[in-house]
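The values are calculated or read from the model by the stated rules, or taken from the named source; none is laboratory data. Keep in mind that what you see is a predicted model, and the values were worked out from it rather than measured. Please note: Cβ atoms are built from the backbone with ideal geometry, for glycine as well, and neighbour counts cover all protein chains shown. Calculation scope for accessible area: heavy atoms of the full protein, side chains included, ligands and nucleic acids excluded. Shrake-Rupley method; radii C 1.70, N 1.55, O 1.52, S 1.80 Å.
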Amino acid sequence: MELLSGADMLIRSLQDEGIEYIYGYPGGAALHIYDALFRQDHVKHILVRHEQAAVHMADGYARATGKVGTVLVTSGPGATNTITGIATAFMDSIPMVVLCGQVASTLIGEDAFQETDMIGVSRPVVKHNLSVRHPEEIPEIIRRAYYIASTGRPGPVVVDIPKDMTTPNERYEYVFPKKVKLRSYNPAVRGHAGQIKKAVDMLLAAKRPVIYAGGGVILGKATAQLTELVRQLGYPITNTLMGIGCYPATDQQHIGWLGMHGTYESNMAMHHSDLILCVGARFDDRVTNATEKFCPGARIVHIDIDPASISKTIDADVPIVGPVDSVLKEMLAQVKESKRKPDAEALAAWWKQIDEWRAYHGMRYETSDDVIKPQEVIEALWELTNGEAFVTSDVGQHQMFAAQYYKFDKPNRWINSGGLGTMGFGLPAAMGVKLNFPDDEVLCVTGEGSIQMNIQELSTCKQYNLPVKIINLNNQALGMVKQWQDMNYESRHAESYMGSLPDFVKLAEAYGHVGIRIEKKEDLVPKLKEALAMKDKLVFLDIYVDRFEHVYPMQVARGSMKDMWLSKTERV
Amino acid sequence: MRHIISVLLENEPGALSRVVGLFSQRNYNIETLTVAPTEDGTLSRLTVTTTGSDRVIEQITKQLNKLIEVVKLVDLTEGSHIERELMLVKLKATGAQRAEVKRTVDIFRGQIVDVTSSIYTVQLVGASDKLDAFIQAIGTAVVLEVVRSGVSGIARGEKVLSL
Ligand SMILES: Cc1ncc(C[n+]2csc(CCOP(=O)(O)OP(=O)(O)O)c2C)c(N)n1
Ligand SMILES: [Mg+2]
């Protein structure tokens, strides 16, 4: 029988859970835990410079690997600093466990120093939260936290740990539970057979089908099953911003991503379809545009692990609740067995129409002889990295350009805050990826606004040698805000201009990294190459791009899916 | 439409606030809410009455079911059921009014549970609309204070909400 203190039990449970890295920041209420960390070397701790960054690092790791990220912070301000990161993970269903110190249980409710009700504060942005009421419970609670975070529809779980639960001299028997028992939590393990059959019949009868896939395919590790089904059927596939990489973007059947800044052909195909097979997506407002005008002729099959995602904004004709991998596998088997084949004639006509749409816009943009276009930067990066890099992004125009012009053929490589749209996500997320994939190229595509929201992490990069490449598409403005002001507020640029920008090259150097500024078009490719050749250096590329560029296509607000601006002057 | 949703909840600290928080976070109505432990000490029974379109009610039940501490739930209004609410009401009862108040209480099968020279305290049990009707009949002029328990409900017949 092994006797351990609560703090030692906590770290030991992490080890038994298979956790290699945790990301965090110490403080009073967490000091027993930090001392326990110090006295072992299985679980490694990465010290960030702001707790929000710890959460985004864990998040980047989780998105790239599909595993649960882990964060450790102190009570009060340490805990509240994690909230934006937790909300970011929650909106995108990212598995994560956030361990928060808390004041001693005897002080709770007395407005003690650094006391915040983290259970209450985090409640709306977590899948679940748990607090420790006795040190002996710690292994069970940790096991439960990871189980809840990673199963069903994944999400962040907060564990609140009062300081007196980790007192060094109070030791208890350590037993790491083999199984988790939760009578009230039973995620679906398979889809309803009758519904799957109905869905297959509808799929095979469709004349203008579209497959609309989301982040659930990646989270549910179902890209292989999806790809096989799509190829078997020969149908067009589009995906959400979160679903990028769930099907190879360079494949002919892929018609780009959809929604507010989706391709012309995918939005047109959706609008004119007669059947939509939605897999692991949630018909959110950045996809559907006005719901009452959404795809008037389409019947809808919706597969999701979360029943609450189904018929939330758009009614499903055939709902299927279950894990996407097993449901798709079953569908594929039935498609193969069925005597009915897709209507070849209708499908050929459908593809002809889609190809016309594709040819009409084709993600065109105007180039210039002297100004660098942001789109060109991304295209160049895609070529120079053979389309194989991990790309994280912040939020704004640069995010949309990165998603539009970097063609991802693999899942888990495009890493962005889709649901919450958190500026400041990109750099720490890239760090979390690089730490765990040291041999892969990791790019952070950002803007001069976003990067300044977590720029202090350049210091963490130095400490742990994380040679990510930061691609700052510097348009000297909060570009996406400015675009909306151009389009909806007669170009009144209220607070969207960022004067007094720092010298990012010197800033990078001050943190011990390499900074390169690119202002001339002819320098773009050579300098990108130069930066990418510095394998062991963090390079901050400050690239001056066209200040007036907008992201297109862009759906017209409150319109249907097919109502779009295709350029500053062309509205369809 | 009005719905009565009955929930079996883990009897743990924080579970109730999760349910209440859900309603405000997602902009759902709560008209009444009652909660108390059951014969099984590990479970609480919670009854909430709410209104909303079919889509909203479907979302409410799905979102409630997603809460880890929610063990089971049923929308009682989907089948035949019994609903009861308890009301304690303090009424002005002086002079000629006194007999009139008593008569109305009797008609509604209420009980006078406390008396002073100028006041009757009345207990009434029934469906919420019966309690509303009583207040209307007696007239707000004599009503000094009203306490209502909120709705409790149970399905008719063999149906049981349990583990
Ligand atoms: C934390 C946070 N605050 C505000 C916003 C609103 N917002 C969305 S895009 C944007 C501008 C981003 O500017 P920049 O990082 O320079 O990117 P650009 O659009 O110029 O490429 C802002 C302010 C946000 N998404 N996140
Ligand atoms: Mg900018």
*in contact (Cβ under 8 Å) with a residue 24 or more places away in the chain and open to solvent by less than 10 Å² (accessible area, probe 1.4 Å): does that describe residue A:61?*
no
_Among the residues of segment A:267-276, are any in a helix (DSSP H, G or I) and either modelled with pLDDT under 95 or within 14 Å of chain B (Cβ to nearest Cβ) (or both)?_
no
*Can you pull out the residues in segment A:76-100 that are in a loop (DSSP other than H, G, I, E, B) and touching a Phe, Trp or Tyr at 6+ places or on another chain (Cβ under 9 Å)?*
A:76, A:81, A:95
*When only residues in segment A:386-406 that are touching a helix residue (DSSP H, G or I) at 6+ places or on another chain (Cβ under 7 Å) and assigned to a loop (DSSP other than H, G, I, E, B) count, which is farthest from ligand 1 (Cβ to nearest atom)?*
A:406
*Counting only residues that are of a type in the set (A, V, I, L, M), in a loop (DSSP other than H, G, I, E, B) and buried (at least 22 other Cβ atoms within 10 Å of the Cβ), how many does segment A:280-297 have?*
1
_Checking the structure you have, find out if any residue of segment A:385-402 is more than 26 Å from residue A:226 (Cβ to Cβ), more than 14 Å from chain B (Cβ to nearest Cβ), over 14 Å from the mean Cα position of the chain (by Cα) and more than 16 Å from ligand 2 (Cβ to nearest atom)._
no
*So is residue A:378 crowded, with 20+ Cβ neighbours inside 10 Å, within 16 Å of ligand 2 (Cβ to nearest atom) and within 24 Å of residue A:531 (Cβ to Cβ) or not?*
yes
*Out of curiosity, is residue B:24 in contact with a helix residue (DSSP H, G or I) (Cβ under 8 Å, 6 or more places away or on another chain) and assigned by TED's automatic domain parsing to the domain that holds residue B:68?*
no
*Select from segment A:311-347 the residues that are open to solvent by less than 60 Å² (accessible area, probe 1.4 Å), more than 16 Å from residue A:226 (Cα to Cα) and in a helix (DSSP H, G or I) and list them in ascending order.*
A:346, A:347
_Here is a list: B:110, B:52, B:139. Which entry is out of contact with any strand residue (DSSP E or B) (no Cβ under 6 Å at 6 or more places or on another chain) and more than 14 Å from chain A (Cβ to nearest Cβ)?_
B:139
*For segment A:407-420, name all the residues that are open to solvent by 10 Å² or more (accessible area, probe 1.4 Å) and part of a strand (DSSP E or B).*
A:414
*Do the conditions hold for residue A:485, that is, is it open to solvent by 30 Å² or more (accessible area, probe 1.4 Å) and within 15 Å of ligand 2 (Cβ to nearest atom)?*
no
*asked:* Looking at segment A:421-455 only, could you name the residues that are open to solvent by 10 Å² or more (accessible area, probe 1.4 Å) and more than 15 Å from ligand 1 (Cβ to nearest atom)?
replied: A:434, A:435, A:436, A:437, A:438, A:439, A:440, A:441
